[in-house]
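Working notes, structure below.
The values are calculated or read from the model by the stated rules, or taken from the named source; none is laboratory data. Worth saying up front: this structure is predicted, and the values here are computed from it rather than measured. Cβ placement follows ideal geometry from the backbone for every residue including glycine, while neighbour counts extend to all protein chains displayed.
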Amino acid sequence: MIRNILVTLMAAFLLLGCGLSWKDEGPPPRKEGRSPEIISFQAEPTVRPGETWRVYLKLRDADCDMAYVVTQLWQAGAASYPVSFTPIRQPGCPELVGYIFLRTPPDRALVWNQFEAKVFVRDRQGNHSRSINLPLNFDWITPKEQVEEWQNATVISIGAISVDLANARSSDTGR
């Protein structure tokens, strides 16, 4: 009786051991289509509190199915903000030149805070571009003139970054 139990347990361990050592098939296959690209970008690293921060983007997607500009914003010494999905409503096939913008509060204490934005583009099939990281700081300086490349009449407003900035000292979470 004990012998039958031992044989059964050994067979079970052998089967389970082999089953656990099977190779993983890896991540699911990539969705069809090409990923969008951020060809070039420009954003002022420092703005005055209360001014609008603009991120200029030149985007390309061979499939012509760009859907969102995704922005993740982090505040030094505080938590991150909810992710912002800015829909791309303008047809940009295969290229789109425009900007996303963030309205900042006129809070004087923001000059003590540092932010970082991670921006990438996602298409309708779930493919996304490589991300870019942009610093955002506040100071009482005069903003610089816009680079001539981004003053062209074909530069459109893609939309707003849906984040409400707050001074980290005004709350425990920074929001």
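Only one of (1) touching a Cys at 6+ places or on another chain (Cβ under 6 Å); (2) closer than 26 Å to A166 by Cβ fails for G50. Which number is that?
All conditions pass for G50, except number (1).
Looking at the structure I just gave you, is A109 among the aliphatic types (A, V, I, L, M) and either more than 22 Å from G126 (Cβ to Cβ) or in contact with a helix residue (DSSP H, G or I) (Cβ under 9 Å, 6 or more places away or on another chain) (or both)? Step through it out loud before you land on a result.
Numbers: among the aliphatic types (A, V, I, L, M): yes; either more than 22 Å from G126 (Cβ to Cβ) or in contact with a helix residue (DSSP H, G or I) (Cβ under 9 Å, 6 or more places away or on another chain) (or both): yes.
So A109 passes the test.
Counting only residues that are in contact with an Asp or Glu (Cβ under 6 Å, 6 or more places away or on another chain) and under 16 Å from L102 (Cβ atoms), how many does the range 34-74 have?
3
State all residues of the range 129-175 that are touching a Gly at 6+ places or on another chain (Cβ under 8 Å), surrounded by fewer than 19 Cβ atoms within 10 Å (Cβ to Cβ) and either over 22 Å from D65 (Cα atoms) or at pLDDT 95 or above (or both); if no residue qualifies, say none.
None - no residue of the range 129-175 is touching a Gly at 6+ places or on another chain (Cβ under 8 Å), surrounded by fewer than 19 Cβ atoms within 10 Å (Cβ to Cβ) and either over 22 Å from D65 (Cα atoms) or at pLDDT 95 or above (or both), so the list stays empty.
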